[in-house]
1. Out of residues 5 or more away from Leu122 or on other chains, whose amide H comes under 5 Å of its own, with H placed 1.01 Å from N in the peptide plane?
2. Could you tell me which of rounded, prolate or oblate describes the range 70-155, using a ≥ b ≥ c as the square roots of the eigenvalues of the alpha-carbon gyration tensor, with rounded for a/c under 1.5 and, failing that, prolate when a/b is larger than b/c and oblate otherwise?
3. Would you calculate the separation in nanometres between label points at Cys9 and Asn128, each defined as 7 Å from the Cα along the Cα-to-beta-carbon direction?
4. So what are the ³J(HN,Hα) numbers for the range 80-86, from phi and the Karplus equation (6.51, -1.76, 1.60; θ = phi - 60°), rounded to whole Hz, Gly and Pro as x?
5. Where in the range 118-155 does the amide nitrogen come within less than 13 Å of the point 7 Å from the Cα of Asp112, taken along Cα to Cβ?
6. Order Ser2, Ser101, most accessible first, counting only protein heavy atoms with a 1.4 angstrom probe.
7. Round to the nearest 10 and report in Å² the accessible area of Glu8, as given by a 1.4 Å probe over the protein chains' heavy atoms.
8. Put Asp117, Asp112 in order of accessible area, largest first, 1.4 Å probe: what do you get?
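The values are calculated or read from the model by the stated rules, or taken from the named source; none is laboratory data. All of these numbers come straight from a predicted model, not from anything done at the bench. In this analysis, Cβ positions are derived from the backbone assuming ideal geometry, glycine residues included, and neighbour counts consider all displayed protein chains. Only protein heavy atoms, including side chains, enter the accessible area calculation; ligands, DNA and RNA are left aside. Shrake-Rupley method; radii C 1.70, N 1.55, O 1.52, S 1.80 Å.
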Amino acid sequence: MSYVHCPECGFQNPEAANYCSKCGALLIHDEPGAHTTMTFTPEEVSEDDSLSLADLRIEGPALVVRAGGGRAGETFGLEGDRVGVGRGPENEVFLDDVTVSRRHAVLVKRDDGYYVDDEESLNGTYVNRRRVESAKLEDGDEVQIGKYRLTFLTG
């Protein structure tokens, strides 16, 4: 069975529905091949997320998926001065989920370290549970993109 997500509340409705059964909003049916981004609200989570690159046997800075999409533990090494993060397959950090924009954020290496810059995403980019447009990343910072929680590690 195919489903359509409500643009207002995100509720999953049967594809044949014209209105959301949860909030009553008009459902927008995409044309074949079209992709949209679903809204998502970050949740408070209290876990002990202590981890190091030495534990993972990785050199250099990296992003480690801590939760979301069943990909916990997946690691992305940060190579180059700009690393794209998003739902589009052209991104170096490819997060294939409707809560992630095609070009959601970019990690940029600057003189004083790595920064994460939001790319005008629908759901925003969060660092340590605070929404940011741009933020300098420190070792152990939590970056949330859509439903994914990632930890930034410098090595």
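1. Here Ser101 satisfy the definition.
2. Values: a/c = 1.31, a/b = 1.26, b/c = 1.04.
Verdict is rounded for the range 70-155.
3. Distance between the two pseudo-spin positions: 3.6 nm.
4. Karplus-based 3J(HN,Hα) across the range 80-86 equals x, 8, 9, 10, x, 10, x Hz.
5. Zone members listed by number: 135-138.
6. On the way: Ser2 65, Ser101 15 Å².
Of Ser2, Ser101, the descending order of accessible area is Ser2, Ser101.
7. 130
8. Numbers: Asp117 25, Asp112 85 Å².
Accessible-area ranking of Asp117, Asp112, largest first: Asp112, Asp117.
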